[in-house]
Amino acid sequence: MRILTGLQPSGKLHVGNFFGAMEPAVKLQEQGDAFYFIANYHAMTTVRNPDDLRAYTRELAVDFLACGLDPSRSVFFRQSDVPEVNELAWILSTVCPVSLLEKCHSYKDKTAKGFTPNHGLFAYPVLMAADILLYDANQVPVGKDQKQHLEVTRDLAGKINEAYGEDTLVVPEPIIRESVAVVPGLDGQKMSKSYGNTLPLFGEEKPSKKLIMKIKTDSTPVEEPKAIDDSLVLPLFRLFADDASYEEMLSQHESGGVGYGDFKKRLAEAYWDYFAPMRARRAELEADPGYIDQVLSQGAEKARSTASVTLDRVRKAVGIV
Ligand code: TYM
């Protein structure tokens, strides 16, 4: 079974990226043949500064390895090191109805936010489909916001198979864990770089904890019970705390007697402690840049050899020889 996922180097990674994609990806690498990559072509749709793009790409490599990606088990590479992906994207675009892309939420959201509706942004899901189909992936661990892109991928694979033969492309399945399908941000909306509501995965201690202490709460006095359903603290605490600590906070919401400041302090501590081992691993990796280069170049080589087999098969099927 082949497992694949990608993350964009479009800024600092956050807790939503971790629980939605990175943690399941790390777990799944024990169950199959994993391909994980840095989607730097995709990030070009929003990052315009080349130095930033290079720096984010590097940071993402260090972050993912620090979180447990094991290069002796998984193939880890930069999207741009396998230029074959662009050829497959072109082939897929020839069967992709414009109306399918017009329906995509991420395109509609980005243009509503003022991003120029350029072709890259529009065709983003076609390149993403190529990322997945090029490696014959069966399972794709992602957050819920990528579900529609996975549907486009399945649709395009189906169209190619219908036109050129059932065995041309493998139709993948999304893996979306319900409990962390949408990790909430510090304001209760989906945690997202573009909403400015993120909790960084590897931020500095004081500023990160300060972000938590600034979470908005209502004016319920300390002694009174607190609302559970609209709490912004509880769903985040649940991600980092053990069951007993979570149950304790929940019952203290119900009984009253504990203030929001106290809950937030506990959240800040739990968040900081949760990532402590990964932070330590990250510091080691940062001190060894040669290792990161070596991992990515070996990954690129393996990814390219897999990609070329799929692309040959597709080229033959469609009549490009
Ligand atoms: P990106 O870089 O925006 O996000 C990376 C992963 O993090 C997940 N995620 C979340 N999960 C739960 N709650 C949240 N608040 C949250 N925010 C982000 C995303 O769902 C994603 O899984 N298009 C992709 C990158 C990509 C890709 C691919 C993914 C390119 N090609 C092929 C899989 C397969 C993206 O923008 O992810």
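The values are calculated or read from the model by the stated rules, or taken from the named source; none is laboratory data. What you see is a predicted model; the values in this text were computed from it and never measured. Here the Cβ positions follow ideal geometry from the backbone for every residue, glycine too, while neighbour counts run over all protein chains shown.
Looking at I176, I160, I132, just one residue is closer than 17 Å to G16 by Cα and of a type in the set (A, V, I, L, M), and that residue is I176. Looking only at the stretch 30-84, residues that are within 17 Å of N17 (Cα to Cα), in contact with a strand residue (DSSP E or B) (Cβ under 8 Å, 6 or more places away or on another chain) and away from the ligand (no atom under 15 Å from the Cβ) come to 1 in all.
Under the condition of being within 22 Å of the chain's Cα centre (by Cα), farther than 21 Å from P141 by Cα and not aromatic (F, W, Y), the residues counted in the stretch 155-198 number 7. When A55, A66 are checked against the criterion of being at pLDDT 95 or above, hydrophobic (A, V, I, L, M, F, W, C) and either crowded, with 19+ Cβ neighbours inside 10 Å or under 19 Å from N86 (Cα atoms) (or both), a single residue qualifies: A66. Note on the stretch 220-274: enclosed helices (runs of 4 or more DSSP H) holding 1 or more residues that are at pLDDT 95 or above and touching a Gly at 6+ places or on another chain (Cβ under 9 Å) are 234-240. Could you check the stretch 138-170 and list, in sequence order, the residues that are more than 15 Å from A89 (Cα to Cα) and within 8 Å of the ligand (Cβ to nearest atom)? V140, P141, V142, G143, K144, D145, Q146 - these are the residues of the stretch 138-170 that are more than 15 Å from A89 (Cα to Cα) and within 8 Å of the ligand (Cβ to nearest atom).
Condition test on H42, is it crowded, with 18+ Cβ neighbours inside 10 Å, farther than 23 Å from V180 by Cα and of a type outside the set (D, E, K, R)? Let's see the steps before the verdict.
Details: crowded, with 18+ Cβ neighbours inside 10 Å: yes; farther than 23 Å from V180 by Cα: yes; of a type outside the set (D, E, K, R): yes.
Spelling it out, H42 is indeed crowded, with 18+ Cβ neighbours inside 10 Å, farther than 23 Å from V180 by Cα and of a type outside the set (D, E, K, R).
Considering only residues of the stretch 182-231 that are touching a strand residue (DSSP E or B) at 6+ places or on another chain (Cβ under 9 Å) and among the hydroxyl-bearing types (S, T, Y), which is nearest to the ligand (Cβ to nearest atom)? For the stretch 182-231, the residue satisfying everything is S192. Residue by residue through the stretch 1-43, note down the ones that are of a type in the set (D, E, K, R) and within 14 Å of the chain's Cα centre (by Cα). Listed by number, the residues that qualify are K12, E23. Looking only at residues of the stretch 1-10 that are within 9 Å of the ligand (Cβ to nearest atom) and touching a residue at least 60 places away in the same chain (Cβ under 8 Å), we find that the one that is farthest from G299 (Cα to Cα) is S10. Residues of the stretch 172-181 that are more than 7 Å from the ligand (Cβ to nearest atom) and buried (at least 17 other Cβ atoms within 10 Å of the Cβ): P172, P174, I175, I176. Of the residues making up the stretch 110-124, those that are of a type outside the set (K, R), in contact (Cβ under 8 Å) with a residue 40 or more places away in the chain and surrounded by fewer than 18 Cβ atoms within 10 Å (Cβ to Cβ) are F115, N118, G120.
Scan the stretch 49-76 residue by residue and report those that are in a loop (DSSP other than H, G, I, E, B) and of a type in the set (D, E, K, R).
Those that are in a loop (DSSP other than H, G, I, E, B) and of a type in the set (D, E, K, R): D70, R73.
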